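Report on the structure given below.
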Amino acid sequence: MIGRRKKEEPKKEIRRKNISPVLADVRHPSSFRLRTETSVKRSNPEPRVVTKPEKKGKERTEKRFELKGINVSRGRRSSLRFSAALAVMMVIALGGIVFVTKENIIGSVRGTYNDFQAAISAAKNFDAEGVKKNLAEADSGVKSMEDKTSFLKWLPFFKEIPGFIGSIRDLNKSAFNIIATAEDLKSNGATWIWSDGDKLVKALKDIKAAAANISSAGGEVRNKMATVGMADGFSGSYLLMQSEIFRATDLLDGLIGLLDKESYVVVFFMNDSEMRATGGFIGSYAVVKLSGGEINDISVNDIYYPDKFLDTKVIPPSPMQAITADWEARDANWFFDFPTSASKVLNFFELSSVYADKGIKFKGAIAMNHKVVTDMLRVTGPIELPEYKMVLDETNFLETVQDEVARDSDTRGGERKNVLKSLLPEVVNRIKAMSSTEKKAITDAFMYRLKNKDIQLYFTDDKIENFAVKQQWAGDVYNLPDSTFGDYLAVVDTNLGGEKTDAYMRQKISLSSSIDENGYIRNEVDIARVHNGKNADKAFYRVPNQSYIRILTPKKSQMISATGATNKKVVAKKDYVKEGYASDQDVLAFESGEEAGKKVFGYWLTVIAGATKTLSVNYERPGVLSDNFRFVYEKQSGVDSALSYRVEAPPGYIFKETGTSEYVYDNETPPTRLIIDLTITKL
């Protein structure tokens, strides 16, 4: 029965009351159960009377309609809501997993790539163990990436990872091939170059092929990184890696060409007891003939031998005129820059009929002092030379060579036998028969001597020469542009008439610099030389040391004063103009006060045995004050010289590195090339 309503309710109120039963279901569970049971039995919607109490105790009835099964839909809706919530949670969780995994992969990519870069750096420093370690870590990173991405390969980002992993694997495989071949080369190269050149050339070609594979795989890695949006952070390191690979490939091209074809290289044996600009007087030299990857012939001669057959007239540098009238091969290593000196010596060789008549052109020069031979004798052990009735070892080699070089000058210039000519074949035979451990000791000694400038390399092939320069094996002079705010110093001793006294000379260089507020740099350099040969057994050690000392400074430097120098007037032994002598362009530049792009100040200094003398020079150079200041010092090969450097910042400024206005450097054995970078900060 349908109850009668007193009065029609406003629409707003009706809407509110139509909602109330739903709310009632929530508030009254019993009512919810009753309607649910009824609705299940009915198939059609029917009216139902709902009685509600009136405010004043009266009852009122209200008709309300419900669709059958409505509460079942609500249950489904709740279930759907729960499922949707669960799905959202799963998506969020999966997204989180994907995000974290992606970040981990990116981290792994960076780590793996950095490991490979570290391996390249280790290779540049000839650190085989470092290369192996970093490549092993890169390989571990690759395996880690595979594990992390194996269950997510269906996602776009991760689809590219297998390809990236493959490219990284190619990188590592090629790098490991290089290491294996390089180790084989290190163990057997000293044997191959004497008796199995084909293997030596093949090893170099294999390394070149592996380097090309690294370049290709590196490009693939970078492309894969670009696909997944990671290339930006690696572009710089990729380009650096490619640059190193191209440089290495160039070197290999040059070496293969040098070894495979017929080539001639000269080895200069420099006597550092008679100092010259590149590290000593070239008493003897060896011409090495290369062909088919191996050494076919070695001939050792006195430096005076090619000069005997040299028909040239060239004016020597003016200080050199104190001891000679002609400039020839024996004195051509006048310049501190080894590539310049080496090219001068080789040019004189090629002009001598000894080599000109055979059409020989030299591909390069290797200079070494007595320390290199001493290192070899330390490994080979004593070597007997029956024809000289002597046994040479690491303790007596230098003295024996000095006796040989000190022979009267009128016996020089012939194609005569000498100690080195007899010693060298015996050393070679010992090296061939060495164990791998002994060969490694020889190689390590050579690497140390290269680093210490006891060995210097020069090649006419730019590919090889550029590598030597990059490794600081070329003995070249550092280029400090005029625009650079900084300073440069090299002190070059040249023994002219002091016999073998440099074996007993010790030296200390002290440079004191101050920078003013306008950028002017004022310098005082003190060069203290001590002659310790007073009680030496040999007479040629006890004579006064006579040296011409050059100070190389930045090009715009200007002399202020000099004290302590020896007064010496050099008179030319010939009228060079009248006799038609030619001038060398580098010698002319030296005479005008320039050498290797530097300003050069030159002074004579004579020190008697047992005495100490100091040469002091004051000079300055203009500059434009900058935040960054660079000081470069270069050591002369074969000279034992300590270095003390002190520089003051401009008034009102300090050096960031020290927190004060002063920077001090002291070292008894400075490196061959010292570079100090300082930051100038205003107080």
task = Starting from region 499-518, take each residue that is among the basic types (Lys, Arg) and list its partners that are in a strand (DSSP E or B), counting only C-beta distances under 6 angstrom and pairs at least six apart or across chains.
result = ARG506/VAL530; LYS508/ALA528; LYS508/ALA642
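Results for (1) within 15 Å of ILE366 (Cα to Cα); (2) surrounded by fewer than 21 Cβ atoms within 10 Å (Cβ to Cβ), shown as yes or no for each residue.
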{"residue": "ILE442", "(1), (2)": "no, yes"}
{"residue": "ARG449", "(1), (2)": "yes, yes"}
{"residue": "ASP462", "(1), (2)": "no, yes"}
{"residue": "LYS470", "(1), (2)": "no, yes"}
{"residue": "ALA474", "(1), (2)": "yes, no"}
{"residue": "VAL491", "(1), (2)": "no, no"}
{"residue": "THR501", "(1), (2)": "no, no"}
{"residue": "MET505", "(1), (2)": "no, no"}
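Yes or no, residue by residue, for (1) assigned to a loop (DSSP other than H, G, I, E, B); (2) under 18 Å from SER512 (Cβ atoms):
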position	(1), (2)
ALA642	no, yes
VAL647	no, yes
THR658	yes, yes
TYR665	no, yes
ILE675	no, no
LEU678	no, yes
THR681	no, no
query = Looking at region 527-534, is at least one residue among the polar types (S, T, N, Q), part of a loop (DSSP other than H, G, I, E, B) and surrounded by 15 or more Cβ atoms within 10 Å (Cβ to Cβ)?
reply = yes
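Residues checked against (1) in contact (Cβ under 8 Å) with a residue 60 or more places away in the chain; (2) under 17 Å from GLY638 (Cβ atoms); (3) in the same structural domain as ARG621 (by TED's automatic domain parsing); (4) not in a helix (DSSP H, G or I):
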residue	(1), (2), (3), (4)
GLU438	no, no, no, no
ILE442	yes, no, no, no
PHE446	yes, yes, no, no
ARG449	yes, yes, no, no
LEU457	yes, yes, no, yes
PHE467	yes, no, no, no
GLN472	yes, yes, no, yes
GLY475	yes, yes, no, yes
LEU480	yes, no, no, yes
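Rundown of residues vs (1) in a loop (DSSP other than H, G, I, E, B); (2) in contact (Cβ under 8 Å) with a residue 60 or more places away in the chain, yes/no style:
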{"position": "GLN321", "(1), (2)": "no, yes"}
{"position": "TRP334", "(1), (2)": "yes, yes"}
{"position": "ILE360", "(1), (2)": "yes, yes"}
{"position": "ALA365", "(1), (2)": "no, yes"}
{"position": "LYS371", "(1), (2)": "no, yes"}
{"position": "GLU384", "(1), (2)": "no, no"}
{"position": "VAL401", "(1), (2)": "no, yes"}
Residues located in region 542-560, provided they are assigned to a strand (DSSP E or B) and either among the β-branched types (Val, Ile, Thr) or over 23 Å from ASP482 (Cα atoms) (or both) = ASN545, GLN546, SER547, TYR548, ILE549, ILE551, THR553, ILE560
message = Please determine whether any residue of region 373-388 is in contact with a strand residue (DSSP E or B) (Cβ under 7 Å, 6 or more places away or on another chain), crowded, with 19+ Cβ neighbours inside 10 Å, among the polar types (S, T, N, Q) and modelled with pLDDT under 95.
response = no
query = For region 190-215, how many residues meet the condition of being at pLDDT 80 or above, part of a helix (DSSP H, G or I) and farther than 20 Å from ILE245 by Cα?
reply = 8
message = Can you pull out every residue in region 632-683 that is over 20 Å from GLU620 (Cα atoms), touching a residue at least 40 places away in the same chain (Cβ under 8 Å) and among the acidic types (Asp, Glu)?
response = ASP640
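Taking region 572-617 as the search range and keeping residues that are part of a loop (DSSP other than H, G, I, E, B) and among the aromatic types (Phe, Trp, Tyr), which one is farthest from the chain's Cα centre (by Cα)? Steps first, answer last, please.
To start, the set of residues in region 572-617 that are part of a loop (DSSP other than H, G, I, E, B) comprises 572-581, 583-584, 592-593, 596-597, 608-611.
With the extra rule that they be among the aromatic types (Phe, Trp, Tyr), the set shrinks to 576, 581.
On the way: TYR576: 47, TYR581: 44 Å.
Selected residue: TYR576.
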inquiry  = Being surrounded by fewer than 18 Cβ atoms within 10 Å (Cβ to Cβ), at pLDDT below 70 and basic (Lys, Arg) is true for just one of LYS132, LYS186. Which residue is that?
reply    = LYS132
request  = Go through (1) of a type outside the set (S, T, N, Q); (2) farther than 26 Å from GLY533 by Cα; (3) in a strand (DSSP E or B) and name the single condition TYR305 misses.
outcome  = (3)
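The values are calculated or read from the model by the stated rules, or taken from the named source; none is laboratory data. Not measured: the values here are computed from a predicted model. When we count neighbours, we look across all protein chains shown, and the Cβ atoms used for this are built from the backbone with ideal geometry, even at glycine.
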